[in-house]
Amino acid sequence: MTELLTSTTGSTPPQRLDADWWRQATVYQIYPRSFADANGDGIGDLPGITSRVDYLARLGVDAVWLSPFYPSELADGGYDVADYRDVDPRLGTLADFDAMVAALHEAGIKLIVDIVPNHSSDQHEWFKQALASPKGSPERDRYVFRDGLGENGELPPADWKCMFGGPAWDPVGDGQWYLHLFAPEQPDFNWHNEEVRADFLKTLRFWSDRGVDGFRVDVAHALAKHLPEDLPSEAELAAMDTATGTHLLWDRDEVHDIYAGWREVFNEYDPPRIAVAEAWVNPPSRRARYASAAGLGQAFNFDLLEADFDPEAYRRIIVDNLDQAGASGSSTTWVFSNHDVVRHATRYGLPPNGDRPRHYNRKWLLSGGTDPVVDTAAGLRRARAATLLMLALPGSAYLYQGEELGLGEVAAIPDEARQDPTFFRSPGVDVGRDGCRVPIPWTEDGGSYGFGDAGAHLPQPEWFGAASVEAQSDDPGSTLNLYREALALRRTLQTEETLTWVPSEPQVLHLRRANGWEAVANFGPNAVPLPAGEVLLSSGPLNGELPGETTVWLRN
Ligand code: NOJ
Ligand code: CA
């Protein structure tokens, strides 16, 4: 199925030019400001990424997903984009971007960039124009403006809450208010506006022409909105059915008309550009629409990310998602960690409570790492076992920078250093997402553990030295080497997108792929007999049996 074509450009190694390259790819998410800082200003940058391409190649990833690197005031870590077709000067230039793409491609690594279509930054030229223009103007029509209630429009049009806490409507001083489902610095676009639609097609072509292989689509389920003359209350909104494609804000059926237009652009390229939707939809079966080949093509499934370390939960999630992916013709996506959630090595060190953090750590607070108490050894052991199981599943696997080091969440960030709007808009309730966005450690010591010559923009804890790439690189038992070996093997073992379950005791999941590649995960506390087969890799020592909280790969 996978075609290896020899490149005609001389020194470039063979590239996988197969249009299906994404179906079972391992994709490594880079949060650029926290990856590597080449010019020593404390902020990670594009030349920093280019300087670490060897590391990514050695790790064995197929693609990089780059979180936003566009000009931004950083009200939401770059998800507030001021210019969709440029690079934040703090992160580099377009020439640096081109050099990064060339280096990644040279190493056989694809690049997926984040695209943020639901909202721009309030610093975007269009929003500035909207503020400078009168009510009813074409400039205001690109965003969602409404008259306020009350005699002079001094009251919000509705009592809606934004995702980060606090009101979703903000006044602009002339009786009108604008909608922001996220931070006030992130005004929502009006996707009924033709200019908005056309401009995003231009952006997709702009990056595709620069060699980008695909797009991760932020809040893909929110673009199409229907705001009636009389707006419902927050309570009425919350009570609306999300299953029928008719909710006023989320997952409306007509959002797919937008993506059908995007697909036409993707298909202008060879191989077609790919896309993966961030779409929090309910019921999960509605994901198939986003994953359709006539639309974005793939959609994130965050089910494992939300699950406890529990075999029955895992089995149900795996079965359901493989079924759904089959129904849409797409492949599924597995993910345990990203820039929005508590890192899984920490999550799995917490007592299971059926109320795992979703993307904004709501109802779950890490107070300096002591409340609740984190069992770091158990967390890492379970995270390694879970990851090794995930990497044996059909579909693509999305990894988040630093998880290959077994990094846990950084809990001890002083309030004055925090950056996440969640923290500011829900003081004392949600600490936010900074704890998973701390610049990653490359070396055992040095000012910022090799991140750059200056300090890091979020404080790194002392335990980062021992968790660094340098500390782990030559240690055969390190998490880094577990990932390296697993990714290298996965490449050679990858086979058709099916699995069968091998009967096992309840605490164990035992799956087999078409070519005899097996993964056996023991979720229980006690050892079980090691099933027959050639041992390829394990998440912990075996000692002739399969210990508790350990996964092994076998070949039969
Ligand atoms: C989802 C992104 O992953 C998150 O980081 C961001 O805050 C929101 N979308 C808003 O863009
Ligand atoms: Ca820098």
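Laboratory data are not the source of any read-out in this text; all were calculated from the coordinates shown. Note that the coordinates shown come from a computational prediction; the quantities given were computed from them, not determined experimentally. Neighbour counts are summed over all protein chains in view; Cβ atoms, including those assigned to glycine, are modelled from backbone coordinates with ideal geometry.
Just a few scattered comments:
- Three-way shape label, the stretch 438-556, alpha-carbon gyration tensor, a/c 1.5: prolate
- Within the stretch 63-161, the trypsin sites (Lys or Arg not before Pro) that combine a DSSP coil assignment with at most 15 other C-beta atoms in a 10 angstrom radius are Arg85, Lys135.
- Against the main long axis of the alpha-carbon atoms of the chain, helix 376-390 sits at an angle near 90°.
- Straight Cα distances below 12 angstrom link Lys135 to the aspartates and glutamates Asp147, Asp174, with same-chain residues fewer than 8 positions distant left out.
- Remark on Leu149: its backbone amide H falls under 5 Å from those of Leu155, a criterion applied only to residues 5 or more positions apart or on other chains, H modelled at 1.01 Å from N.
- Table column - 3J(HN,Hα) (Hz), the stretch 491-506, Karplus curve with 6.51, -1.76, 1.60, x for Gly and Pro: 4, 7, 8, 3, 9, 4, 7, 9, 8, 10, 8, 9, x, 8, 6, x
- Residue-averaged 222 nm ellipticity for the chain, from DSSP H runs of 4+ at -39500 (n - 2.57), nearest 500: -7000 deg cm²/dmol
- DSSP assigns beta bridges within the chain; of those with both partners inside it, close to 55 percent run antiparallel.
- Centroid-to-centroid separation of the stretch 452-530 and the stretch 18-89 [C-alpha atoms, Å]: 23 Å
- Of every Cα-Cα pair in the stretch 482-550, the percent that sits beyond 21 Å: 25 percent
- The chain: radius of gyration and largest Cα-Cα distance (Dmax), Å: 23.3, 78
- Whole-Hz ³J(HN,Hα) from phi, Karplus 6.51 cos²θ - 1.76 cosθ + 1.60, for the stretch 338-351, glycine and proline x: 7, 6, 10, 10, 4, 4, 5, 5, 7, 3, 7, x, 9, x
- Magnitude of the charge dipole, the chain, Cβ model with Lys/Arg +1 and Asp/Glu -1, debye to 20: 1360 debye
- Karplus-based coupling profile of the stretch 546-556, in residue order and whole Hz: 10, x, x, 6, 9, 10, 10, 9, 10, 10, 10, with θ = phi - 60° in 6.51 cos²θ - 1.76 cosθ + 1.60 and x standing for Gly or Pro.
- Those GluC sites (Glu not before Pro) in the stretch 254-307 that DSSP places in a loop and that have at most 16 other beta carbons within 10 Å: Glu254, Glu268
- Distant-in-sequence amide contacts of Phe215, defined by a placed amide H-H separation under 5 Å and a gap of 5 or more residues or a different chain, comprise Val113, Ile274, Ala275, Val276.
- For His221, nonlocal amide neighbours, meaning residues 5 or more places apart or on other chains whose placed amide H falls under 5 Å from its own, are Trp280.
- Prolate/oblate/rounded call for the stretch 28-98, Cα gyration tensor, a/c under 1.5 rounded: prolate
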